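Asks: Mind having a look at this structure? Questions to follow.
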Amino acid sequence: MPKPRTVKKLPKLAKATPLMLSGALKRFVLDNPHASADTKKATQRAVDLFLQAFGDAPVSIIGGEKAGAFRDLLFSLPASLGKRKSSLSLEKEAQRAREEGLPTLSGKSVKNHMMRLSALWNQLHQRELVSRNPWTGWNFENGQKTVRRSWTAKELALLASASWHSTSVPEQTFRLVSLIAAYSGMRLGEICTLRKEDLQSVDGIPCFLIRPHTETGWAPKTEAGTRMVPVHSKLIEAGVQVLKETTNGPYLLPGLETSKQGVRGAALGRAFSLLKTRIGLPAEITFHSFRHTVSTQLRNADANIREVWIDRLLGHEATHKSQGTTTYLTGISTANLQQTIEAINYPETAFKKIPF
């Protein structure tokens, strides 16, 4: 009886390892001797943002749906992204921008990120590593751009007379945070994260100290954001200094919780947004408008106030950056900053008087 023929099994072909986005960046951009330093840096930034948002993935499965989701996310991110260290995820940064009414990335910035990815995909498509380029053909006009502006006296009076409906934040806390914003120009996040130790006397003048918090990782938005803001006399009248003795815990302001995303005061931002919608305030008025109002008042003040004092107070980069200006900024006296802060002025009807 003939023996059955043995059929030799062919060796299995090893599955090709898919090319990941991080690998494509390295191979076609970072390791490319012909790519300029600017191209490498900008493409790395665009890819890093994508990786933060969606994680690494094979380039072959990144299509129009993911490209569109990335575009939409970019439009929702704060314009200050990347100018400061942040421990927040991109989703949390977008949430912070919504709640605080912060300016978001411009169409030009979004387009730049998308174009860097498109250029990388052109190389991948040419080598038949992807079937198409999903990064082309997008519109970068994000609808009508809302120009945020200062408060009018009438709008402040409307806010002062409005009833408070939030159950997550006490009205006293909301009124106090608004008052501090109006008389300091500080950002919502800066106010809500003030610790008791951040209210100190400097050269005999009570001041808010805005600085990094090593225990939580919170930090000002920019290097210039680390600063000292004298306490306005109206805030002293309102009893801000007493809070150091009356508030429980390490923070200066009572009634605020830290969200799951690690943002202290997030609930206040949401409550303010609901309130402004309910009482009919326009879209261009946000909590950030207090900062706009302070900046406008100080730049139009009759008092002898220098531009660099205002920049220092608000934590802006100096308008005219030079070695001389930088040296001068470090030498601005507390008295000059106090003179600047005291130039902020509002009508009596602007704020609701409430005991703290």
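The values are calculated or read from the model by the stated rules, or taken from the named source; none is laboratory data. What you are looking at is a predicted structure, and each value in this text was computed from that prediction instead of being measured. All Cβ positions, glycine included, derive from the backbone under ideal geometry; neighbour counts span all protein chains shown.
Asks: Considering each residue of region 25-68, count those that are in contact with a Pro (Cβ under 8 Å, 6 or more places away or on another chain) and in a loop (DSSP other than H, G, I, E, B), and give that number.
Replies: Residues flagged as in contact with a Pro (Cβ under 8 Å, 6 or more places away or on another chain) and in a loop (DSSP other than H, G, I, E, B) within region 25-68 amount to 2.
Asks: Additional query: Of the numbered conditions (1) at pLDDT below 95; (2) under 17 Å from the mean Cα position of the chain (by Cα), residue 181 satisfies every one except a single condition; which is it?
Replies: (1)
Asks: Taking the options 161, 131, name whichever one is within 28 Å of residue 26 (Cα to Cα), among the hydroxyl-bearing types (Ser, Thr, Tyr) and touching a residue at least 60 places away in the same chain (Cβ under 8 Å).
Replies: 131
Asks: Kindly indicate the residue of region 55-70 that is surrounded by 15 or more Cβ atoms within 10 Å (Cβ to Cβ) and within 26 Å of the chain's Cα centre (by Cα) and also farthest from residue 18 (Cα to Cα) among those meeting that condition.
Replies: Looking at the filtered set, the residue picked out is 70.
Asks: Does residue 119 satisfy the condition of being within 22 Å of residue 258 (Cβ to Cβ), among the small types (Gly, Ala, Ser) and part of a helix (DSSP H, G or I)? I'd like the intermediate steps shown before the answer.
Replies: Values: within 22 Å of residue 258 (Cβ to Cβ): no; among the small types (Gly, Ala, Ser): yes; part of a helix (DSSP H, G or I): yes.
Here the answer is no, as residue 119 does not meet what is asked.
Asks: May I pose another question? Kindly evaluate residue 102 against the criterion of being touching a helix residue (DSSP H, G or I) at 6+ places or on another chain (Cβ under 9 Å), crowded, with 16+ Cβ neighbours inside 10 Å, closer than 23 Å to residue 186 by Cα and at pLDDT 90 or above. Working first, answer last.
Replies: Details: touching a helix residue (DSSP H, G or I) at 6+ places or on another chain (Cβ under 9 Å): yes; crowded, with 16+ Cβ neighbours inside 10 Å: yes; closer than 23 Å to residue 186 by Cα: yes; at pLDDT 90 or above: no.
The answer is no for residue 102.
Asks: Just give me the residues in region 266-299 being closer than 21 Å to residue 339 by Cβ, surrounded by fewer than 17 Cβ atoms within 10 Å (Cβ to Cβ) and β-branched (Val, Ile, Thr), in sequence order.
Replies: Hit for region 266-299 is 296, nothing else.
Asks: Go over the candidates 166, 118, 109, 87 one by one and state the one that is polar (S, T, N, Q), surrounded by 15 or more Cβ atoms within 10 Å (Cβ to Cβ) and in contact (Cβ under 8 Å) with a residue 40 or more places away in the chain.
Replies: Among 166, 118, 109, 87, only 166 is polar (S, T, N, Q), surrounded by 15 or more Cβ atoms within 10 Å (Cβ to Cβ) and in contact (Cβ under 8 Å) with a residue 40 or more places away in the chain.
Asks: Considering only region 210-238, state which residues are within 23 Å of residue 353 (Cα to Cα) and charged (D, E, K, R).
Replies: Correct list: 234, 237.
Asks: Then there is this: Output yes when any residue across region 125-145 is outside the structural domain of residue 216 (by TED's automatic domain parsing), in a helix (DSSP H, G or I) and among the acidic types (Asp, Glu), and no when none is.
Replies: For region 125-145, residues outside the structural domain of residue 216 (by TED's automatic domain parsing), in a helix (DSSP H, G or I) and among the acidic types (Asp, Glu): absent.
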